[in-house]
Each structure stands twice: as C-alpha cells, then as structure tokens.
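A.B. asks: Take a look at the following structure, please.
The values are calculated or read from the model by the stated rules, or taken from the named source; none is laboratory data. This structure is a prediction, so every number in the text was calculated from the model and none was measured. Cβ sites come from the backbone with ideal geometry, for glycine too, and all protein chains shown count toward neighbours. Surface accessibility is based on the protein's heavy atoms, side chains included, excluding ligands, DNA and RNA. Shrake-Rupley method; radii C 1.70, N 1.55, O 1.52, S 1.80 Å.
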Amino acid sequence: MRVEPSAARGRSYDGEYMRVGKEGEMLAFEFLRSRPDIALVTDVREQESYQHRDIDFVVRTTRGQTVNVEVKRDIHLGTSGNVLFELARIYHTAHPNFCVKLGWSVRSGADIFLFYAPSTEEMYLCGAKRFRKALQDYTYHARQRTQLRLIPTDAIKSTLNVLVPWEDCEDIFKVYSMREETA
C-alpha cells in the first residue's frame with residue numbers, strides 16, 4: 001500500500017502512514033531473524049529510551065556483537081534513483097524556540113539503517129556512519145546540484161530532506177531481495 005505524506009493529513013504518527021511503517025518494521029524484524037549471522041533480535045520499539053534514540057531493534061550477532069538498528073520504509077527507494085537523507089523536521093505549531101528537530105538520519109543512535117523498499121521488495125542495509133559520510137561527501141562534491149526537498153509530512157510538520165543520487169552512495173549498501181527471503 002502506498003501512503004503519501006500530505007499537509008492535509010492529521011498527525012503522521014496515527015493512521016495509515018504509521019500502519020504501513022509498522023508493516024515495514026515487521027518485515028525487517030523477520031528479515032533480521034532469518035539472517036544466519038544473527039543470534040538474537042530484540043524488539044525495542046515500545047521502549048521510550050530507544051524511541052528517543054530512533055532505534056527499533058537491538059541485534060546480537062553470532063560473534064557476540066550488539067548492534068542497534070533503525071528501520072525505515074521508503075516507497076521511492078530502488079525506483080527514484082535517489083536515497084532520502086532526512087536533515088530536519090519542522091513543527092509548524094510548536095513554540096518557535098523548539099520548532100526544528102534534527103532529522104532521524106542525523107540524530108538516530110542506531111549503528112545500522114535498514115530500509116524496506118516495497119516497490120522493489122528489497123531490504124537496503126547500511127551503516128549509519130557510512131550513510132552520514134555519503135551525505136557529507138556528496139554535498140561537498142555536488143554543492144551546486146544538491147537537491148533539497150521540503151515534504152509536507154502532515155498537518156503540523158514538514159520534513160527537510162537531501163536526495164542523494166544512488167550512484168553517489170550505492171557502494172555503502174547491501175541490497176537483499178525479499179522475494180528470495182519469502183520464497
């Protein structure tokens with residue numbers, strides 16, 4: 001199902017927008033559990049301390065390493081030629097001193113970002129540090145052609161994003177077909 005952000009929509013944390021996001025998270029949870037190098041996946045989405053750090057799952061690898069994972073669902077990933085980097089969220093009804101918050105791409109405490117792309121039925125995995133470095137490198141070398149997009153997330157928020165061309169960051173991603181995973 002495709003749910004587009006819209007200034008006419010009520011809060012994006014409610015309704016269809018949140019439901020499709022949760023579906024992507026559950027697919028990511030099952031994907032992580034199916035990996036042979038992962039011993040345990042703990043769902044921490046309902047724990048406030050993890051919510052504040054934008055972490056959905058804590059993974060323990062078979063080597064004993066603990067890894068924090070943030071999951072995002074992106075209908076455009078794999079078809080648009082870009083990867084979305086969320087710089088900031090603007091809260092239009094908040095007190096002016098608190099109206100801008102760093103975007104999840106910047107503030108997340110996750111070690112790994114896992115993107116579910118429903119259009120291609122793929123999971124895109126990358127390290128958070130490498131994702132941020134890709135943005136840093138791209139915006140340094142492509143200052144004149146960097147694309148910023150303001151998306152009306154819902155009735156009270158907008159999101160400021162950088163669209164990083166796939167060719168400028170594809171080397172940081174591992175891409176897994178979910179068709180093979182579910183077959």
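A.B. asks: Just to confirm the number: angle between the C-alpha axis of helix 128-141 and the first principal axis of the chain, 0 to 90 degrees, nearest 10?
C.D. replies: Taking Cα atoms only, the helix is inclined about 50 degrees.
A.B. asks: For the chain, what does the relative contact order come out to in percent, with C-alpha contacts under 8 Å and a separation of six or more?
C.D. replies: After rounding, I find 24 percent.
A.B. asks: Next up: Please list 3J(HN,Hα) in residue order for segment 87-98, calculated via the Karplus relation 6.51 cos²θ - 1.76 cosθ + 1.60 where θ = phi - 60°; whole Hz, with x for glycine and proline.
C.D. replies: 7, 7, 10, 10, 9, 6, 10, 7, 4, x, 5, 10
A.B. asks: Residues in segment 58-88, backbone N under 12 Å from the label point at Leu40 (7 Å along the Cα-to-beta-carbon vector): list them, ranges by number please.
C.D. replies: Once the point is set 7 Å along Cα→Cβ of Leu40, 58-62, 64-67 turn out to lie under 12 Å by backbone N, inside segment 58-88.
A.B. asks: Local charge sum around Ala39 (other residues, Cβ-Cβ under 14 Å, Lys/Arg +1, Asp/Glu -1)?
C.D. replies: Net of charged neighbours comes to +3.
A.B. asks: Using the Karplus curve 6.51 cos²θ - 1.76 cosθ + 1.60 with θ = phi - 60°, work out ³J(HN,Hα) for each residue of segment 33-45 in order, rounded to whole Hz, and write x for Gly and Pro.
C.D. replies: Taking θ as phi minus 60°, the curve returns 5, 7, 6, x, 8, 10, 8, 8, 10, 10, 7, 10, 4 Hz for segment 33-45.
A.B. asks: Using only C-alpha atoms and all pairs of different ones, pull out the Kirkwood radius for the chain in Å with one decimal.
C.D. replies: Radius from the Kirkwood sum: 17.2 Å.
A.B. asks: Oh, and also: Within segment 56-183, what whole-number % of the accessible surface is contributed by carbon and sulfur, with the 1.4 Å probe and all protein chains included in the calculation? Let's see the in-between values first.
C.D. replies: Numbers: 3460 of 6910 Å².
C and S fraction of accessible area: 50 percent.
A.B. asks: Once you compute Rg and the Kirkwood Rh from C-alpha atoms, what is the Rg to Rh ratio for segment 77-173? Display every interim value, and only then the final one.
C.D. replies: Working: Rg = 14.1 Å, Rh = 14.3 Å.
We get a ratio of 0.98 for segment 77-173.
A.B. asks: Could you give the size of the charge dipole of the chain about its Cα centre, using +1 on the Cβ of each K and R and -1 on the Cβ of each D and E, expressed in debye and rounded to the nearest 20? Walk me through the numbers before you get to the answer.
C.D. replies: Working: 26 positive and 26 negative charges, 117 e Å.
Dipole magnitude for the chain comes out near 560 debye.
A.B. asks: Further question on the same structure: What is the extension gain from Tyr91 to Thr139, computed as 0.36 nm multiplied by their sequence separation minus the C-alpha to C-alpha distance, in nm to one decimal? Don't skip to the answer; put the middle values down first.
C.D. replies: On the way: separation 48, 0.36 × 48 = 17.28 nm, distance 2.51 nm.
This chain segment gains 14.8 nm when fully extended.
A.B. asks: Let me ask something else about it. Taking the chain as a Gaussian network, Cα atoms linked when under 10 Å apart, which of Ser80, Ser105, Ser158 shows the biggest mean-square fluctuation?
C.D. replies: Ser80
A.B. asks: In Å², what does the accessible area per residue of the chain work out to with a 1.4 Å probe?
C.D. replies: Ligands and nucleic acids excluded, the result is 57 Å² per residue.
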